[in-house]
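Below: the structure, in structure tokens.
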């Protein structure tokens, strides 16, 4: 019973293929349940036959006679035929589901996702040209299909948000596409699903489905330039950001920084997590990350920049202020 | 001999260098003319990782792309800035000189990257730049790019191929006292 | 030859049993001492060595899996760092697939097939010795690299560009790629020997429809090896060329393709799992027949199922690439073919069930393992049908669901029959019985431990846990199941530990076994336990597929010479005798050739010139190997 209860816990969760909220994922879950039930029945049947074969009462000698063999031939042939039919049925069900998923309507918008080691570079497109860039967190409008253009900057990654859709690889040298459509608002977690190096385990992202109004507001906020720092501490932090190696890799639109190696930080204060889904975004976690990224996510490409404690306080206040 | 071979191949990956060590790495001691000098002793204590360790060299290669070195130095062949491939070193091929060039800049256009890269990144990049102009390839040098590949790989001893063509991309005002 | 040397061309017809035994022993036996041990070409000695080495690798890989489970038992655990963990899981997969699973099946065949077809030695005996040394060298290369922190860390399938020159830093991926060359050469050699032995060296009267099912499965497997291994050798060689020399096979910016690697690898990779599975099927058939007292039901159907599985196996490889972005129509074809292969597999299961139904099962340990195999493998087959479907796979690819699936089919489908086979053939190989009591405990611990460890992984995969992660976040609902899996892995490990203890104890002082303790039907049980160095005193003649059951006393054919090593060559289909063939005596050249080849291969990890300079010792070794010995073959 305890095992059963533990099993059921997999049915909930923001990163579960069984807790589905996306159009694709719903179709997939139906197929999965169908196949699982059919296969479970087949397995049970085989087990029952096995048990009976092993445990039934027998006469003294082993039956090696033509009559028994003929009967067995008929039964085995029938079983093989049944197997072939079941397999054919499951294959047809699989094809049908493939068509259902691929047949979803025109995309309302396009987002370019580029996999980097070990984070997601997200570029929102407007009329085919890049509008603004963010990282690791994707907002989409509820109930409308969003097309993701998947590319990779380095190695093979895989974009997987199980609650919304199946996964699709990001392969260098090709552009793959994935259509997402969330049917209910919520935060859906995903993770890179193709081994991409040392921090593959910490390459998560979230897809947040907003209702139409919230989504438009978010879009407007994100495409705007960064907020000017209001408090003195944040202002000092901006000076640290621009004077230290930070600005060479990161960009905050509205300041002279122009680095494109690392994630765009223009609105980092508005994101739920940092470090590609590693930690909740708070001022403290920002400070911890900036102070020592290599202990938190060893091997990632952000170096440990030596800062005094005043500088660290200031720059974390600045980051937090970038809503 | 087998053990020596094994020891040579052994490449432990260090992702996090202690701040005390990075502070030491900043203490290069240059000659007055800015050419050559003494590396900090910590470099030897660590086993000269930025010259020999393949992980550091490959990180250096990524830094070369990320920090826009190609805009002046091209793919190593040189453009506005001098070439690395040809094996002619304006300030000498030692690590200290290259680290100083990147960290403090040089006359006639090389910017200082002190405030744009950490000292550890500078050492990684310097080790990589050394392999671009190496006359004899190291085993741990990077191989071909996973991108457009327009010049000999670092593990094919590029300088040995181009050395005889002479120095490329030297600023006319460079003269005997740079 | 000593005093009283037999005159030239002395045949066994002229001698009585005791004298025959003396003569044959003097020419076939392997002396003691190091030199004889490394120059022997006796398939039994080499086979035993091979099996033991493969099991050593199994246990080493098992330790790696325990380390992985330790790290994964808790979220954000810090027992093992990411770099070391990546090396560990790569080593676990590579070791199990290349150094254990395929070699152990080859090894069992090397030992058993000549005995089962009724001949004195395997074909190409020196090649057999060479193949063992290559296998050992490859294994040592890989593990020594791991010990010095240069083990491969790119996953057992080493996708580019992660394993490519820019992102696979250091020599780690090169060592992986070159180890592949070692093990694939080794497997190819054994495959070729097996095909020739099975086709040309069977006992007179053993026509194709009388071959034991295990021998059939090894025949099909050998063809799979011959056709699939070249693909991986091309792939790994291209990878080395890309990394060392700077070619652009896998560089999209210069005209190559990242997906080319995946196609090449999986074209080998899918037949590879059938290379592992089909011999186990053969073992299961043998055990089922012996422990139900009747031949397996549906011999022709079983053979057809083996062959069709082998053929179909080459048409499935894209199912490993369903999410790589290939056109859906093409992928759907592979769904159909991947589902279709369930039909011959199902046929085999039904035939075994029919055999069990109609026979009288004797519940000794080997049969317990085969029952465990049926239970477990059918689960694995069911999840296989699930992942064969493209849409289903888009959710479970690269998650723990797939990890569960392949462990079910590999451990359930290959290791369980293998363990049963060890219990079954241990008396023949060593002359001692293993402990029946301990055997039941081993089975119970391994069966229970296995299901407790791997069944929850299906749920973890569906709950979103990807593969090849060294840790996971605490807020995800996976911690409980992961802890359970890690604890259950200890149960599984204890089963294997008990198995090892049983092996050691029984080999030392298990009860003596006669030549046929199980009352089995096939020819190997007609020899002593362990078999004499010459296998059979005179060549047996068979009139059915179960020679030891249908005849009280085996007929024999005589006329082979006893003054030199000789065996009988028979026709491919009907096994009518065709010629007497001399068999090679011991030779040290396979060892030298293996050493020279190893030097070339390892040196070429560092410089391409190694292929040029290293070919000199290889040429010398091969010249010594093939130097004509002088004695002309006689017509027969």
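Read the figures in this text as sums done on the coordinates, not as results from a lab. On a predicted model such as this, the values are computed, not experimentally measured, just so you know. Please note: Cβ atoms are built from the backbone with ideal geometry, for glycine as well, and neighbour counts cover all protein chains shown.
Here are the numbers:
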read-out	value
Nearest 10 degrees, 0 to 90: helix C:82-94 Cα axis against chain C principal axis	30 degrees
Calculated log₁₀ intensity ratio I(q)/I(0) where the Debye formula runs over C-alpha points of the stretch B:65-169, q = 0.17 Å⁻¹	-0.75
Beta bridges by DSSP in the protein assembly as shown, antiparallel share as percent, to the nearest 5	75 percent
Extent along principal axes [Cα atoms of the stretch C:1-101; Å; largest to smallest]	77, 24, 17
Residue-averaged [θ]222 nm for chain C, counting only DSSP H segments that reach four residues, each worth -39500 (n - 2.57)	-20500 deg cm²/dmol
√(5λ) per eigenvalue of the Cα gyration tensor, the stretch A:30-166, largest first, Å	55, 17, 12
Value of D in µm² per second that Stokes-Einstein yields for chain A, Kirkwood Rh from Cα pairs, at 37 °C (0.692 mPa s)	142 µm²/s
Estimated 222 nm signal from helices in chain B, with DSSP H stretches of n ≥ 4 weighted -39500 (n - 2.57), rounded to 500	-10500 deg cm²/dmol
Reference-scaled alpha-carbon Rg (2.2 N^0.38 Å with N residues) for the stretch A:264-314	1.10
Alpha-carbon centroids, the stretch C:574-616 and the stretch B:50-111: separation in whole Å	47 Å
Inter-label distance for residue C:10 and residue B:80, nm, one decimal - labels placed 7 Å from Cα along Cα-to-Cβ	9.4 nm
Inter-label distance, nm, simple model (7 Å from Cα along the C-beta direction), residue A:108/residue C:625	6.8 nm
Descending Cα extents along the principal axes, the stretch C:191-247, whole Å	56, 16, 11
Debye log10 I(q)/I(0) for chain C, one point scatterer per Cα, at q = 0.08, 0.09, 0.11 Å⁻¹	-0.59, -0.75, -1.12
Shielding of A:91-99 by partner chains, average beta-carbon count, 10 Å	6
Residue-averaged beta-carbon neighbours from other chains (10 angstrom radius) around C:317-326	4
Residue-averaged [θ]222 nm for chain A, counting only DSSP H segments that reach four residues, each worth -39500 (n - 2.57)	-13000 deg cm²/dmol
Using a Förster distance of 35 Å, the FRET efficiency for residue A:310-residue B:104 (Cβ separation, nearest 0.05)	0.85
Degrees separating the helix C:365-388 axis from the principal Cα axis of chain C, which is the longest one	40 degrees
Equivalent-ellipsoid semi-axes of the protein assembly as shown, from the Cα gyration tensor, Å, largest first	59, 38, 23
Förster radius 25 Å - calculated FRET efficiency between residue B:65 and residue B:168 (Cβ-Cβ, nearest 0.05)	0.75
Cα coordinate range in the stretch A:99-165, projected on the principal axes (Å, largest first)	33, 26, 17
For the stretch C:240-274 versus the stretch A:128-164, the gap between their alpha-carbon centres in whole angstrom	28 Å
Helix axis angle, C:102-117 relative to chain C longest principal axis, alpha carbon, degrees	20 degrees
Calculated FRET value between residue C:143 and residue B:112, using beta carbons and R₀ = 35 Å, to 0.05	0.15
Full-stretch length increase - residue C:35, residue C:497 - with 0.36 nm per residue and alpha-carbon distance subtracted	163.0 nm
Solvent-free Debye scattering, log10 I(q)/I(0), computed from the Cα coordinates of the stretch B:1-154 at q = 0.10, 0.12, 0.13, 0.20 Å⁻¹	-0.34, -0.50, -0.58, -1.41
Relative contact order (percent, whole number), the stretch A:109-222, Cα cutoff 8 Å, 6+ residue spacing	28 percent
Orientation-averaged projected area, Cα convex hull of the stretch A:232-321 (nm²)	5.2 nm²
Percent antiparallel among DSSP beta bridges (both partners in the stretch A:109-222, rounded to 5)	70 percent
Extension reserve of the residue C:490-residue C:209 stretch, reckoned as 0.36 nm per residue once the Cα distance is removed	96.7 nm
Segment residue A:71-residue A:129, extension gain: residue separation times 0.36 nm, minus the distance between their alpha carbons	13.8 nm
Simple spin-label estimate for residue A:78 and residue B:20 in nanometres, 7 Å along Cα-Cβ	8.1 nm
Cα centroid of the stretch A:244-321 to Cα centroid of the stretch C:188-223, whole Å	65 Å
Mean separation of Cα contacts under 8 Å (6+ apart) over length of chain C, as relative contact order %	21 percent
